[in-house]
Amino acid sequence: MSHLPSGPERRRLGLDARITRRDFVNGVLVGAGAAALGTSASNVAGTSAGAEDTFTGYGGVGDYARANGNTWPVVRAAHRLRDGQYDSAALANAQAAGDFDLVVVGGGIAGLSAAYYFIKATGAGRRVLLLENHAMLGGEARQNEFMVDGERLLGPQGSNDFVVPQAGAGSLLDGFFAEFALPREYAWQSWDAKLRPLRFARDNYSNMDGFQESQVDIGYFFGTAGWHKNIWVNALADTPFSATARRDLLKWRANHGPVSEAENRHLDTITYKDYLEKVCAYDPAVTRMVEPIVGLLSGVSTDAACARLGRQLVEAPDRPMAVSFPGGNSPFPRALLRGLLPDSLPGKDFSSLMYAPVNFDALERDEQPVRVRLNATALRVEHASDKRGSHALAITYERGGSLSRVLARAVVMASGGWINKHILVDMPPDLRAAYEQFAYAPALIVNVALRQWRFLYDMGITACRWFDADDGIGYCCNIRQNMVTAGHSPVLHPDRPAVLSFYMGLPIPGLPAAVQGATSRARFLATPYMDFELRIRRQMISLFADHGFKPERDIVAIVLNRWGHARVIEPPGFHYGVEGRPSPLERVREGYGRVAIGHSELNGAQHWGSALEYGKRAGEKTAAML
Ligand SMILES: Cc1cc2nc3c(=O)[nH]c(=O)nc-3n(C[C@H](O)[C@H](O)[C@H](O)COP(=O)(O)OP(=O)(O)OC[C@H]3O[C@@H](n4cnc5c(N)ncnc54)[C@H](O)[C@@H]3O)c2cc1C
């Protein structure tokens, strides 16, 4: 753990300005700030129960303020479960807390989808309990909220973009948009014609790989070789890349489009690094360019991720940009919540879907058959021999330090495989073996609320990419042109507030895939909030200080969203199996007994649509069990 800098370095980083990043930790005033966080004497972030939460940091304002990524209380409960620290006698004596037709574990898109489609299939009278361990629903599709100079700003915590489904296509996503009356055309923040022309991404991905550079102004920082803008437009001319590197980067970028099933199978047998350097014989500069992108999207480095994944990353440069709601994909779980419990998200229109505060009282009422229980960590699910024969499963969970047990006729596990393997104590050995082949890697999404962003404007860019972060962090960040509604349209102007978002994975090249995920997660969880804050500040200074950025003036708040198991890792063999061993995906999808398993990674690669799909499948499967 680093100590807070003092003297000139402290001033350089702007640490003397009173901002919400450290003056409040989880909403609690911790005093003058610096000393409180800088001198905690532990190498483990968050430390013990009751100790100051040096891990989670400031969470913004609004309903999501206590649920920025995986918060420390959630991480602690999950690790107690993993490490077998729950006393078996206490588990056996958990307080009886009711009977349900269905219990859903997990309140992300998949869990809400399971509950929603279960009710749709069985009728409104069915009793459903959804358990979610965070203080807010949405899982990886949650949002951060900031109030800056009277402006309410939103940013994604993780899941951020989507492609609008074609109306009438008959797909699940088309049906979802129709059912929840989601618009397919949007209004965007306007850009004053008197300002210099500037192009923005409408999500947080279009800028990071440069594929949509024809639509976004991206600055590339090459350290001592300086800044180069929109490098692909003139085929990398003037960049510091060697002639060979330039040639191969252009070849790599042109290699997109559909891949046959046979080729996909082959690509699933090799790593992406081998594909790039041995099959395509590209200059290592290509690997270097894609390394952090693969690290974010697959969680591991190119020498551990399969080539199938890497090959799919490359997109046609003129492909229309994907879009994002202001809070990323959070309206999708919010729509499902509204569908399940209309009183919980008052209103019927699109604007209230995005901005209305959640009515937490409506999540759990004695008289209502569907209940959503937040801050509740499921610990154990097992088939029970109920003498009345009416219930088939017992589910034990912890909430606020107390253990409770409910009975259910069916369970949907919409939490990820990393925790399901600890909760499902009676799963068959072949399912356990399949789950053992799932490994996960972390990701970190940092939203920095800025008072103004004239430094970017003056540089003529809205996004940037860099290649070395020895003293800093990450590889890309951007501000977006946000979607607006009649009731909510913050001004897009270089002198007005905006959210600068950093997306990053934390791969460790050279280690095997699963080891890489676990090692990187251990480091990531042991890093206090303050260390990340310092690295973000240093990174921003190295990028922007020469262009007018002043941390003490411009930074209003920094929110970290840590996802310990952000990505299921896709090593060679994950999709089609290896050495005669089948892919683990199919076995997990089958579930067992009266347990249906439905979470987004059962698709192999995760996205909001796969969460919706596998949740729906699991909800309908359990409906058929009754
Ligand atoms: C950083 C990041 C960026 C992404 N970007 C995009 C994107 O731009 N577009 C896109 O389509 N997809 C994106 N995705 C993927 C996609 O959004 C997710 O795969 C999807 O939202 C996951 O939904 P889920 O319900 O399966 O899982 P989750 O969202 O993980 O939900 C599972 C829930 O279960 C809870 N839980 C876990 N254990 C327990 C327990 N024991 N008891 C109770 N609750 C528990 C978890 O806390 C969580 O809230 C992104 C994912 C990440 C991590």
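The values are calculated or read from the model by the stated rules, or taken from the named source; none is laboratory data. No experiment lies behind these values; they were computed from the predicted model shown. Glycine also receives a Cβ, built like all others from the backbone with ideal geometry; neighbour counts cover every protein chain displayed. For the accessible areas, the whole protein counts, side chains as well, though only heavy atoms, and no ligand, DNA or RNA atoms are used. Shrake-Rupley method; radii C 1.70, N 1.55, O 1.52, S 1.80 Å.
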Q: Please calculate the 1.4 Å probe accessible area of residue 147, with all protein chains present, and give it to the nearest 10 Å².
A: 100
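Based on alpha-carbon atoms only, what is the radius of gyration of region 143-213 relative to the globular estimate 2.2 N^0.38 Å? Present the calculation step by step, with values, prior to reporting the outcome.
Working: Rg = 15.8 Å, N = 71, 2.2 N^0.38 = 11.1 Å.
Compared with the compact-globule rule of thumb, region 143-213 sits at 1.42.
Want the number for residue 318 to residue 515: 0.36 nm per residue separation, take away the alpha-carbon distance, what's left? Don't skip to the end; give the middle numbers.
Details: separation 197, 0.36 × 197 = 70.92 nm, distance 3.74 nm.
Full-extension gain reported as 67.2 nm.
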Q.
Could you tell me the calculated FRET efficiency between residue 488 and residue 385, based on Cβ-Cβ distance and R0 = 35 angstrom, to the nearest 0.05?
A. 0.05
Q: Any chance you could run the full-extension gain for residue 96 through residue 279? It's 0.36 nm times the residue separation minus the Cα-Cα distance, nm to one decimal.
A: 59.9 nm
Q | Where Rh is the Kirkwood radius over Cα pairs, Rg/Rh for the chain | A | 0.95
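Pull out the extension gain between residue 172 and residue 244, defined as 0.36 nm times the separation in residues minus the alpha carbon to alpha carbon distance; nm, one decimal.
Values: separation 72, 0.36 × 72 = 25.92 nm, distance 4.51 nm.
Difference between extended and current length: 21.4 nm.
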**Q.** For the chain, calculated [θ]222 nm from helices alone, where every DSSP H run of n ≥ 4 adds -39500 (n - 2.57)
**A.** -8500 deg cm²/dmol
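Chymotrypsin sites (Phe, Trp or Tyr not before Pro), restricted to region 469-522: which are DSSP loop and have at most 10 other Cβ atoms within 10 Å?
Details: sites: 475, 502, 503; in loops: 475.
Passing both the DSSP loop test and the Cβ count: no residue.
If DNA, RNA and ligands are ignored and the probe is 1.4 Å, what is the ranking of 261, 185, 382 by accessible area, most exposed first? It would help to have the intermediate numbers written out before the result.
On the way: 261 100, 185 160, 382 60 Å².
Result, largest first: 185, 261, 382.
With every protein chain present, what is the per residue accessible area of region 101-185 (1.4 Å probe, Å²)? Working shown, then result.
On the way: 2710 Å² over 85 residues.
It amounts to 32 Å² per residue over region 101-185.
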Q: Return a single number: how many Lys pairs in the chain, at a sequence separation of 8 or more or on separate chains, have alpha-carbon atoms below 30 angstrom apart.
A: 18
